[in-house]
Amino acid sequence: MAPRTVTARHFLSIQDVASDLGRLIDHAARLKAQRRRARLRPSLSGRNIALIFEKPSTRTRTSFEVGIHDLGGDAIYYSPKEMQLGRGETIGDTARVLSRYVDAIVYRAFRHDSVLELAGSSTVPVINALDDREHPTQIIADLLTLSERWKGSFKGRRLAWIGDGNNVLHSLMLGAALVGLDLVCATPESYRPLPEIVAVAREYGRLHGAELTFTDDPAIAATDADALYTDVWVSMGDEAETAKREKAFRGFQINAELLARAKPSAFVLHDLPAHRGQEITDDVLDGSRSAAWDEAENRLHAEKAILELLLAPDRLPRSSPARAWAPKLRARRPARR
Ligand code: CP
């Protein structure tokens, strides 16, 4: 079989869908409505998708596997131990071989460079299912969740991030700026996000009317916010820093007192898994103002929209000029960490 010559479209960063972000969110909402009415079309019929996960996952793996099944495709899951990758075969050779068998590769990696390497040698689309730089599929689900609660409009809203300047925040900064959503981030001074991603997000924000600001005081960030968002203090791969991080993030907890500073209509996001009693209290996560469970469900609809964008793009609606926040410019990809 001759090598394929097509240039695949990858989803490694929110930047890769900058010009499609509005219709991607709209499409995820449409797929959600269709699933509820059991009217999904089998757009991935006859397609096989490989899932390579170097790290554990509950939501991302399950939402991709169920989403692929819902759309009529087949998913093949690998942990590196089950592949020659775990015995020293290169990422590039793995990509070259899998490209001859499957139609897309979903990859969760420790290092962003590994994701870039896989995509660099793959002739089929590669989807970043989390690395140390970004978690872009999570942010499509988050923007869908916010859009549902705010009736489709991000303008004039303010989201407060409370916690680590991590991969999730990197993708969130880019996504929020592209949809015109103001984002205020409360992080300890030494756990701010990467400056080159802040710079790209600020450039997107300049074009789409969104502010990105930073503070080391969670109370300032939460005051009058429309929503609060947090994540674990110790991400996968940071376990050696657990004691240091738990000390640095003390005070960066979403609890009833912090939530009381936000608007009465404000709600709380958490990408999960949660470390209850650390970054969030039980009463907030389980309370009526928690959007975390809708957010987790929305991973399913977001993954399907992403898969269709890459593998069945005709299924997506055309860009709507009515979407004032639809992206207009693709910023330069930031330099690698
Ligand atoms: N939020 C998230 O990515 O969850 P998993 O690690 O369970 O996939």
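At a Förster radius of 30 Å, what calculated FRET efficiency corresponds to the Cβ-Cβ distance of Thr90 and Arg250, to the nearest 0.05? My answer for the efficiency is 0.10.
With a ≥ b ≥ c the root eigenvalues of the C-alpha gyration tensor of the range 169-278, is it rounded (a/c under 1.5), prolate (a/b larger than b/c) or oblate? Since a/c reaches 1.5 but b/c is at least a/b, the shape of the range 169-278 is classed as oblate.
Using the charge dipole of the chain (Lys, Arg: +1 at Cβ; Asp, Glu: -1 at Cβ; taken about the Cα centre), state which of Ile162, Leu307, Ala248 has its Cα farthest towards the positive end. Sorting the options by dipole projection puts first Leu307.
Using a 1.4 angstrom probe on heavy atoms only, work out the carbon and sulfur share of the accessible area of the chain in %. C and S atoms contribute 50 percent here. Estimated at the nearest 10 Å², the accessible area of Ser235 is 20 Å² with a 1.4 Å probe.
If you sort the three axes of the alpha carbon gyration tensor as a ≥ b ≥ c, you get a/c of 1.5 or more for the chain and a/b above b/c, which makes it prolate. Compactness ratio for the range 23-128: Cα radius of gyration over 2.2 N^0.38 Å (N = residue count) comes to 1.14.
Per-residue ellipticity at 222 nm from helix content only, as computed over the chain with -39500 (n - 2.57) for each DSSP H run of at least four residues, stands at -11500 deg cm²/dmol. Residues Met173, Met83, Met236, sorted by accessible area with the largest first, give Met236, Met83, Met173 [1.4 Å probe; ligands and nucleic acids excluded].
Listed cross-link partners Lys32/Lys151; Lys32/Lys263; Lys32/Lys81; Lys55/Lys155; Lys55/Lys304; Lys155/Lys247 are compared with a 24 Å cut-off, the Cα-Cα value being larger for Lys32/Lys263; Lys32/Lys81; Lys55/Lys155; Lys155/Lys247.
Averaging the Cα positions of each part gives two centres, and for the range 223-276 and the range 95-139 these lie 28 Å apart. Paramagnetic label reach from Thr215 (point 7 Å along Cα→Cβ; backbone nitrogen cut-off under 16 Å): within the range 164-180, residues 164.
Compared with the direct C-alpha span, the chain from Glu189 to Phe110 gains 26.0 nm at full extension, assuming 0.36 nm per residue. Return the whole-Å distance between the Cα centroid of the range 182-202 and the Cα centroid of the range 1-65. Here the answer is 28 Å between Cα centres.
Ordering Thr7, Thr187 by accessible surface, largest first, gives Thr7, Thr187; the 1.4 Å probe counts only protein heavy atoms, with every chain in place.
The values are calculated or read from the model by the stated rules, or taken from the named source; none is laboratory data. What you see is a predicted model; the values in this text were computed from it and never measured. Reconstructed Cβ throughout: ideal geometry from the backbone, glycine too, with neighbour counts over all protein chains shown. Side chains are part of the model used for accessible areas, which takes the heavy atoms of the whole protein and leaves out ligands, DNA and RNA. Shrake-Rupley method; radii C 1.70, N 1.55, O 1.52, S 1.80 Å.
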